[in-house]
Amino acid sequence: KFGIMFDIDGVLLRGKTPIPGAAEALKLLKNEEAEYDVPAVFCTNGFGLREVKAATLSERLGVKVNPDQIVMSQTPLEMFHEFHDKWCLVSGPEHDGGSKKVAESLGFTKIITIEDLREAYPYLDWVDRSRWPKKQVEDNESFPAIEAIVLLGEPIRWETNLQLIIDVLVTQGKPNQPPCIEGEQLPVLAVNMDLQWMAKANIPRFGHGAFLVCLENLYKKICGEDLVYTALVGKPSEITYEYSQKLIEEIATGLNMPHLDTVYAIGDNPLTDIYGANMFNKFLGKKRREIERKKREFETIHSFPLLPTRRHNQRPRHKKVTHPFFVLCTSVLVCTGVYKPVTENANQDDVFGENSDMEPSISPLARRPSTRRDSVLDHGHRDLPYTEEMTRADHVVHDVKNALEKIFQIENW
């Protein structure tokens, strides 16, 4: 009665190279017919089409992964229907399908790329002289006003994207007009808040969170106010875990599992994977308490006989109180990616147990034990302030194989 949510980068792969033991670990979840016995989804802050990521995992790990099991950083934007028919400026990478194709797959229909904006207003992008217009050109006066900004991931040319996004924000979507910061800010939807992530290099690389830090600070310096996000999507946002929950429920239903007690979230980054899992666990706890309250009210109402009414003697119909599909989200931190513990025995479980005097390192750089509990490098997003409780995993193990062994031990499976 459990499901598993796998992170990908730093847990199963480094770049496109499998982490030792990852393929063998996934095979533990399958039966003799190579079908999953345990409902599992793969939730990543990476960018791209789900079909491409599923194919990459299947090829590299030798284990069949279906696109329906994949949650990319941007996938929950499928639910933001109110923006799908607005003119949206889309910024992001160009690999694994590219930003425009990914935005289309999410349901966006009026997409403006950074290149579209450069062509419409040729004098906005001014850093790289080799990209200057070769002859005098005019702005495209018929170009539509931008109604929202969608940030799908770190772009290739940061200086171009930062400049043009700021231009759109300070002109209310009309960058051929003078700046006007009065009035309501344009909606901004951003995915993937990872400051850094683990690729093939032996130290972490900048993630989209680093790009967002640049954008937020430029906007505040220019406008004097904080950039406001309409939505932040991708781990550790609650909406991403809710979306993953729905997928696990659908998979479990297909496996004839009407109820799951626990979902285990396995990740390598305390500030995204663990923070998000712990936040989702709090959400589940709140939801569970609300259901229990409604159940008590329901039982109280039905514990007293009702007086007959003038029309009939039936009890009033009350909506049946249902139980949540699963009630706990347990976080499991592995040491094969961003997180590096300061311990001689990396296989030791519960490195930061109750009897440990080590502090959790939420920086990708391992830190020495300290008597100062407040000496923490906070690499999380501005809108999700660090607390030790939220970044402390329920279990810390060496790799994904050890994580599954721990889960099987807990579940007696």
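Below are the figures for this structure:
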| read-out | value |
| --- | --- |
| Filtered residue count, region 95-109, keeping only those that are crowded, with 16+ Cβ neighbours inside 10 Å and not in a helix (DSSP H, G or I) | 4 |
| Any hit, region 216-223, residues being in the same structural domain as Met79 (by TED's automatic domain parsing) and either under 30 Å from Lys16 (Cβ atoms) or not in a helix (DSSP H, G or I) (or both) | no |
| Enumeration of residues in region 176-200 that are under 24 Å from Ser142 (Cα atoms) and either under 17 Å from the mean Cα position of the chain (by Cα) or surrounded by 23 or more Cβ atoms within 10 Å (Cβ to Cβ) (or both) | Val188 |
| Of residues in region 34-56 being among the β-branched types (Val, Ile, Thr) and either in contact with a Phe, Trp or Tyr (Cβ under 9 Å, 6 or more places away or on another chain) or touching a residue at least 60 places away in the same chain (Cβ under 8 Å) (or both), the one farthest from Pro155 (Cα to Cα) | Val38 |
| Matching option when the condition is among the aliphatic types (A, V, I, L, M) and in the same structural domain as Phe206 (by TED's automatic domain parsing), among Leu89, Leu28 | Leu89 |
| Residue match in region 229-248 (condition: among the basic types (Lys, Arg) and within 15 Å of the chain's Cα centre (by Cα)) | yes |
| Near pairs, Cβ below 6 angstrom, 6+ apart or cross-chain, from region 114-128 (over 14 Å from Asp139 (Cβ atoms) and in the same structural domain as Trp158 (by TED's automatic domain parsing)) to any residue that is buried (at least 16 other Cβ atoms within 10 Å of the Cβ) and at pLDDT 95 or above | Ile114/Ser91; Ile114/Asn161; Ile114/Leu164 |
| Test: residue in region 228-236 that is outside the structural domain of Ala22 (by TED's automatic domain parsing), closer than 30 Å to Gly183 by Cα, in contact with a Lys or Arg (Cβ under 8 Å, 6 or more places away or on another chain) and not basic (Lys, Arg) | no |
| One residue from Leu232, Leu212 being assigned to a helix (DSSP H, G or I) and within 30 Å of Leu162 (Cα to Cα) | Leu212 |
| Flag for Glu141 being loosely packed, with under 12 Cβ neighbours inside 10 Å and more than 25 Å from the chain's Cα centre (by Cα) | yes |
| Candidates Gly234, Gly276 - the one that is modelled with pLDDT of 90 or more, of a type outside the set (Ser, Thr, Tyr), at positive phi and surrounded by 24 or more Cβ atoms within 10 Å (Cβ to Cβ) | Gly234 |
| Lone unmet requirement of (1) in contact with a Pro (Cβ under 8 Å, 6 or more places away or on another chain); (2) part of a loop (DSSP other than H, G, I, E, B) for Val63 | (1) |
| Asn278 being assigned by TED's automatic domain parsing to the domain that holds Gly10 and in a loop (DSSP other than H, G, I, E, B) | no |
| Number of the exception - Glu115 against (1) crowded, with 23+ Cβ neighbours inside 10 Å; (2) out of contact with any Pro (no Cβ under 8 Å at 6 or more places or on another chain) | (1) |
| Verdict on Thr253 being under 27 Å from Val90 (Cα atoms) and either of a type outside the set (Phe, Trp, Tyr) or part of a helix (DSSP H, G or I) (or both) | no |
| Options Ile8, Ile4; residue that is crowded, with 21+ Cβ neighbours inside 10 Å, more than 16 Å from Ala54 (Cα to Cα) and β-branched (Val, Ile, Thr) | Ile4 |
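Matching residues to (1) more than 18 Å from the chain's Cα centre (by Cα); (2) within 28 Å of Val338 (Cα to Cα):
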residue: Glu35; (1), (2): yes, no
residue: Pro39; (1), (2): yes, yes
residue: Gly62; (1), (2): yes, yes
residue: Phe80; (1), (2): no, no
residue: Phe83; (1), (2): yes, no
residue: Lys86; (1), (2): yes, no
residue: Gly92; (1), (2): no, yes
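The values are calculated or read from the model by the stated rules, or taken from the named source; none is laboratory data. Keep in mind the model is a prediction, meaning the values are calculated, not measured. As a convention, Cβ positions derive from the backbone with ideal geometry for all residues, glycine included, and neighbour counts pool all protein chains shown.
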